[in-house]
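Taking it in order: structure first as structure tokens, then the write-up.
The values are calculated or read from the model by the stated rules, or taken from the named source; none is laboratory data. Keep in mind the model is a prediction, meaning the values are calculated, not measured. Please note: Cβ atoms are built from the backbone with ideal geometry, for glycine as well, and neighbour counts cover all protein chains shown.
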Amino acid sequence: MSGAGPTTLQLLVADAAAGLDAAARGVPVCIATKAGNPAPGVKYHEGRWAALTEVERRCRRTSDDVTTVANAVHRSWVDELLRLTARAAGADWIAYREGGTDALADLLAGRLEDVSAITSE
């Protein structure tokens with residue numbers, strides 16, 4: 001598969017949600033990350049889901065195609081990751097933005113190799 005498209009986006013969103021649920025072990029994310037306990041594994045998957053659902057929301061509000069929207073969202077997520085890294089932000093914030101930028105890169109490249117569980121259902 002090549003490039004970003006609606007089906008790729010839907011599959012990656014479903015995969016991100018499954019990854020978030022697995023990382024949080026069924027506990028709500030707000031509880032898993034509360035009390036000052038770092039949870040970069042959970043935040044990484046939350047970032048994947050958040051970035052991809054941002055693309056979904058923007059696509060619903062515009063006539064732009066998935067690739068155009070994903071490129072714009074990717075740029076903003078990369079910029080924010082660079083800002084956070086430069087100011088030595090906490091591991092959770094870095095992991096969140098890394099997860100989002102990775103998910104958007106997967107979407108833009110049309111990479112679905114890691115979502116075999118979803119595509120086989």
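Here are Asp92, Asp79, Asp102, Asp106: which of them is modelled with pLDDT of 90 or more, closer than 19 Å to Asp21 by Cβ and more than 12 Å from the chain's Cα centre (by Cα)?
Asp92
Mind listing whichever residues of the stretch 68-88 are of a type in the set (Val, Ile, Thr) and more than 17 Å from Ala50 (Cα to Cα)?
Those that are of a type in the set (Val, Ile, Thr) and more than 17 Å from Ala50 (Cα to Cα): Thr68, Thr85.
Only residues that are of a type in the set (Val, Ile, Thr) and either in contact with a strand residue (DSSP E or B) (Cβ under 7 Å, 6 or more places away or on another chain) or over 20 Å from Ala39 (Cα atoms) (or both): list them for the stretch 57-108, please.
Selection gives Thr62, Val66, Thr67, Thr68, Val69, Val73, Val78.
Looking at the stretch 1-52 only, could you name the residues that are modelled with pLDDT of 65 or more and among the polar types (S, T, N, Q)?
Thr7, Thr8, Gln10
Consider the stretch 56-76. How many of its residues are assigned to a helix (DSSP H, G or I), without any contact (Cβ under 8 Å) to a residue 40 or more places away in the chain and small (Gly, Ala, Ser)?
2
For the stretch 77-90, enumerate the residues that are surrounded by 14 or more Cβ atoms within 10 Å (Cβ to Cβ) and either in contact (Cβ under 8 Å) with a residue 40 or more places away in the chain or of a type outside the set (Asp, Glu) (or both).
Trp77, Val78, Leu81, Leu84, Ala89 - these are the residues of the stretch 77-90 that are surrounded by 14 or more Cβ atoms within 10 Å (Cβ to Cβ) and either in contact (Cβ under 8 Å) with a residue 40 or more places away in the chain or of a type outside the set (Asp, Glu) (or both).
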